[in-house]
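Shown next, in structure tokens, is the structure this report addresses.
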Amino acid sequence: MSITPWKILSSKYLYKTNGVALRVDQCEIPNGDVFEPYVIETGTWVNVIALTKNREVVLVKQYRHGAGQVLLEIPAGVMEAGDESPLQTAKRELLEETGYASEKFFEVGSSYPNPATHNNMTYSYLALDVEKVSQQHLDETEEIEVSLMPFDKFVALAKRGELPQALHISALFFALTYLERNS
């Protein structure tokens, strides 16, 4: 038995603004029934596990409105119109949010944030030998505190369930797998 993609009969945008759109599709599913799923269209996301020469991970702490909490995270962001690639976005976000940079970036994995409802991809990068090269360049809505943590302590934090951002956990998994293969 093969699984058949749904046939899209029509699409209608319910909302569009600032790189995010909500769309409803009218779809015919394989048994002939018609179903109307919602799709959230948004840009490509990137995550960066950034390690210093001393094997410390660069972390950011910021308020996340959806969760209503201040969270400890890795640098991350959305691909902007002027970005040529997810790699360029990763380098830009790391520098803007933290002031750190590196020439050693490795794409370690990619995943759909939620393929049932979202159309975008998230790319995860590992940046090695990062160094502080400038001050932060934050957007008007950002208030970000930067800190360093030994990588092993960061992994332990995630194992204890104290890294609540699911996409950052996947980035850590990809980075650990990359480091294991290339050590």
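Here, each number is a calculation from the coordinates, and none is a lab measurement. It should be emphasised that the depicted structure is a prediction, and the values quoted were computed from it without experimental measurement. Note that each Cβ is placed from the backbone with ideal geometry, even for glycine, and that neighbours are counted across all protein chains shown.
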**Message:** On C-alpha positions alone, give me the angle between the axis of helix 86-98 and the longest principal axis of the chain, in degrees, nearest 10.
**Reply:** 50 degrees
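Return the loop-located GluC sites (Glu not before Pro) in segment 100-183 (DSSP other than H, G, I, E, B) with at most 13 other Cβ atoms within 10 Å of their own Cβ; answer none if there are none. Walk me through the numbers before you get to the answer.
On the way: sites: 103, 107, 131, 140, 142, 143, 145, 162, 180; in loops: 103, 140, 142, 143, 162.
Answer by residue number: 103, 140, 143, 162.
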**Request:** For helix 166-181, report the angle its Cα long axis makes with the longest principal axis of the Cα atoms of the chain; keep it between 0 and 90° and round to the nearest 10°.
**Result:** 60 degrees
**Prompt:** For the chain, which span is the longest to avoid every loop-located (per DSSP) member of trypsin sites (Lys or Arg not before Pro) having at most 15 other Cβ atoms inside 10 Å?
**Reply:** 56-159
**Message:** For a quick check of your reading of the filter: which GluC sites (Glu not before Pro) in segment 1-80 sit in a DSSP loop and have no more than 13 other Cβ atoms within 10 Å?
**Reply:** 80
**Asked** How many angstrom separate the Cα center of segment 30-49 from the Cα center of segment 84-106?
**Response** 27 Å
**Asked** Summing +1 for each Lys or Arg and -1 for each Asp or Glu, what net charge is found among the other residues whose Cβ lies under 12 Å from the Cβ of residue 85?
**Response** -2
**Request:** Determine one quarter of the surface area of the Cα convex hull of the chain, which equals its mean projected area, and express it in nm² to one decimal.
**Result:** 13.4 nm²
